[in-house]
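Quick note: the coordinates plus some simple rules give every number you see, no bench work behind them. Since the model is a prediction, treat every value here as computed from it, not as a measurement. Glycine gets a Cβ as well: all are built from the backbone with ideal geometry, and neighbour counts include every protein chain shown.
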Amino acid sequence: MSQFLKGTAIELRGVEKTFGITSVIRNVDLKVAQGERHALIGPNGAGKSTLFNLISGYMKPSVGQILLRDETISGLPPYQINRRGLSRSFQVTNVFANMTVWENIRCAVLWATGQRYAFWKNIDNLPEVRERTAQILVDISLTARRDVPAGLLTYAEQRALEIGITIAGGADVILLDEPTAGMSHAETERAVALIRRLTEGRTLLIVEHDMSVVFGLADRISVLVYGQIIASGTPEEIRGNKKVKEAYLGEEAA
Amino acid sequence: MSDLASSAAPPLPAAADKLKFYGLWLAVIVALLVLPKLFSSGGSLTTFSLIGISIIFALSYNILLGQTGMLSFGHAVYYGLGGFLAIHAINIVAKNKFAIPLPVIPLIGGLTGLVFAALLGWVSTRRSGTAFAMISLGLAELVASSALILRTFFGGEAGVSANRTKVFRLFDWSFGPQIQIYYLVAAWTLLAVLAMYALTRTPLGRMCNAVRDNPERVQFVGYDPHVIRYLAFCFSGFFAGIAGALAAINFEIANSAYLGAVQSGTVLFATYIGGIGFFIGPIVGAIFVTILSLGLSDLTPVWQLYFGLIFIAVVMYAPGGLTGLLMMHRPLLRAGTLTRVLPSYAVAFVPTLAMITGLMLAIETIVHFTVNPGDDSHIKSFGIPFDAASPYIWAMAAMLIFGGFYLSRKTWTRVAQAWDEALSSARDKGVAA
């Protein structure tokens, strides 16, 4: 199998997170192979978003190690993890509301094209930034809304922009936190097609509640319940897993 | 790059746009050259100089407030330190006969602002919001009080003075007459405005806006919001220092008032009243506030009270500032529906003016009885004499306030209606978004 040849993109070793006396993540071990689409499922409050926050550097793990391509990233601030090629989206839309769609994407392109904190370059004279921004704009199908402030977009458009900002920097490890939450059926279908296309050849870790999305998209699935991973495997294995059925999937998905 | 992608990008400014842009700057230069020919009195030249200084200061403040979303209560620190260093520089240059002409001195002020912003900013820019505002206030108090303690450098209450005509002269410009100071200020204002405009068009300038909108998300596109805030703070300190140095050159003195809370408050007022959401907002605000404070202080002893009322009115009813109010009309102007709103303005103007007049009458009367109750009650405010003790005046003030308030409320709902109609028909024409 290719995933054994390619090596590991994300690895969690004995990761724990406690808030006061509450243990939110308990001894989690997880491996996501490079190029794999890995879904993280579990009931509300299982700690999925917390796990994302730990991996992306938004929070620091209390115990344990997080590795990105075999290098430790636990304890690094989010922007340094991002510069190493890991990018995440947010469950609640988190864009630059007063800036236009174009400017939103461009902000996400700047560091990746090596602009850093440049104050001596004219932003309009950066062809590479322009091209990449335009490409992302086309990819997320928001060309017609280019000059609209992000705060005025429809919900589905904002979700698309959220994904656009996440992938714009060219990171090869992408974390998407419930990208289709709150979308209609048709919107969800479009979003899934978009995610499938944009994460081609990249590693994807996705939190998702919609089981049709999860089973249609993921190569592997991990199930998180009460801060612990109770099962990890291919969609078929997860579907047939007794513990998962009891804890989460229930009868409907069986 | 695919054709599809290239067509998706916003069009680059065409040759005509660029010509328009450069034409605008050229027009500004011509206007600055012609202005002293039209208003050649010493008083108006001083006013123009003060406006220029105020423009630089307000724009430097807006790098923080409008561009990066940082509310500072202590921006005068960098203005004032720039002013003090400029005065000391003039004295040193004059004493040692260094070959440094006066037009270079503002750069020393700017570098002073930059150095102190770089020293004091690293900690305060760690957070935006309340923490930053509080630290800026604390630092301002610290510097302002040390200005009174460190007498050798700050000159205590009296301040430090200098003679600007004693420095090395270039092309025989003595910088004694105000007209020469005007040209010096105008040139520096033009340079600083250009530089600060260019800054908004750079990757850093754009990321400043991103930090303003959402500092959390900035971290997940590879940027450290702390570094962005810090750099913005340094630039802001640099331009504030230039403004302070120009003020010091203009007055030939620097004192503790330069660093104080009033100065920090004034720049916040000017920037906000002008409009923090637009690049030209602080320019409009600086012009408005400078002229108003110079004009009002001649007309009434409590001009700061009126100033505060204007500020409150802007915060409550026009959060986009004066520029925001003007810009609101742009879609209507383009759609040609502006004429539908104007009559309602004219109707609303009369009772609103009546209410304001009543308010001013009441304020002046109250001020007379609280500030100097023993004096003759026949007073003169805004050039109009009246008897503050007369019950007729009191009744008139009350009538104007309440009657004006009642009527203006009605007329302003009319204005709102006219607006809605004009805007929706502008939308039908596809002009407004």
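Counting, for every residue in A:136-143, the Cβ atoms of other protein chains within 10 Å of its Cβ and taking the mean gives 3. Amide H contacts of A:Arg88 (H built 1.01 Å from N, in plane; Pro and chain starts excluded): A:Leu175 sit under 5 Å, all sequence-distant by 5 or more or on other chains. Here the alpha carbons of the protein assembly as shown define both size measures, Rg and Dmax, at 30.8, 100 Å.
Taking Cα atoms of region B:330-428, Rg/Rh with Kirkwood Rh, to two decimals?
That ratio is 1.23, to two decimals.
Counting Cβ atoms of other protein chains within 10 Å of each Cβ in B:208-218 and taking the mean gives 6. Rounded to two decimals, the Cα-based Rg/Rh of region B:19-319, with Kirkwood Rh, is 0.96.
Placing unit charges on each Cβ (+1 for Lys and Arg, -1 for Asp and Glu) gives region B:19-319 a dipole about its Cα centre, and among B:Gly23, B:Tyr79, B:Ile291 the Cα reaching farthest toward its positive end belongs to B:Gly23. Taking packing as the residue-averaged number of other Cβ atoms within 10 angstrom, the listed peptides B:206-218, B:344-356, B:371-383, B:238-250 run from highest to lowest as B:238-250, B:206-218, B:344-356, B:371-383. Taking square-rooted eigenvalues a ≥ b ≥ c of the alpha carbon gyration tensor, is region B:24-99 rounded, prolate or oblate, where a/c under 1.5 means rounded and, failing that, a/b exceeding b/c means prolate? Verdict is oblate for region B:24-99. Around the amide H of A:Ile25, modelled in the peptide plane, lie the amide H atoms of A:Lys17, all under 5 Å away and 5 or more residues distant in sequence or on another chain.
Measuring against 31 Å, Cα to Cα, the residue pairs B:Lys18/B:Lys166; A:Lys17/A:Lys245; A:Lys31/A:Lys121; B:Lys37/B:Lys97; A:Lys121/B:Lys429 contain B:Lys18/B:Lys166; A:Lys31/A:Lys121; B:Lys37/B:Lys97; A:Lys121/B:Lys429 as the ones spanning a longer distance. Neighbour counts of other Cβ atoms within 10 Å put B:Thr125, A:Thr154 in the fewest-to-most order A:Thr154, B:Thr125.
Order these peptides, B:143-150, B:106-113, by their mean beta-carbon neighbour count within 10 angstrom, highest first. Mind dumping the intermediate values first?
Working: B:143-150: 16.2, B:106-113: 25.6.
Going from most to least packed, we get B:106-113, B:143-150.
Using a simple spin-label model with pseudo-atoms 7 Å out from Cα toward Cβ, B:Leu170 and A:Arg196 lie 6.8 nm apart. For chain B, the membrane-span-like helices by this rule, meaning whole DSSP H stretches whose C-alpha atoms cover at least 18 Å of axis and whose Kyte-Doolittle mean is 1.0 or above, are B:15-38, B:42-62, B:76-96, B:105-124, B:129-149, B:178-200, B:225-251, B:261-274, B:281-299, B:303-317, B:342-371; this says nothing about an actual membrane.
Which shape class applies to region A:18-97: rounded if a/c is under 1.5, otherwise prolate when a/b exceeds b/c and oblate if not, where a ≥ b ≥ c are the square roots of the Cα gyration tensor eigenvalues? In terms of gyration-tensor shape, rounded.
Where does each of B:268-279, B:398-409 land if you order them by average Cβ count within 10 Å, highest first?
B:268-279, B:398-409
Across peptide B:196-202, the average count of Cβ atoms from other chains found within 10 Å of a residue's Cβ is 3. Taking other Cβ atoms within 10 Å as a rough exposure proxy, B:Asp17, A:Asp139 sort from fewest to most as B:Asp17, A:Asp139.
In a Debye calculation with equal point scatterers on the alpha-carbon sites of region B:18-161 and no solvent, what is log10 I(q)/I(0) at q = 0.10, 0.17, 0.22 Å⁻¹? Calculated log10 I(q)/I(0) at the listed q: -0.49, -1.13, -1.33.
Taking 7 Å steps out from each Cα toward its Cβ at B:His329 and B:Arg414 produces label points 1.8 nm apart. Region A:2-63 and region B:138-183 have Cα centres spaced 61 Å apart.
Solvent-free Debye calculation, one equal scatterer per alpha-carbon of chain A: log10 I(q)/I(0) at 0.11 Å⁻¹ equals -0.60. Taking a ≥ b ≥ c as the square roots of the eigenvalues of the Cα gyration tensor, an a/c ratio of 1.5 or more together with a/b no larger than b/c marks region A:64-159 as oblate. Placing dummy labels 7 Å off each Cα toward the beta-carbon, the span from A:Asn122 to A:Leu152 is 2.7 nm.
Rounded to the nearest whole Hz, the Karplus-based 3J(HN,Hα) values (6.51 cos²θ - 1.76 cosθ + 1.60, θ = phi - 60°) of region B:217-223 follow the sequence 5, 3, 4, 9, 10, x, 10, with x at glycine and proline. Between the helical axis of A:155-168 and the longest alpha-carbon principal axis of chain A there is an angle of about 90 degrees.
Cβ-to-Cβ counts within 10 Å put A:Tyr226, B:Tyr258, B:Tyr61 in ascending order as A:Tyr226, B:Tyr258, B:Tyr61, the fewest first.
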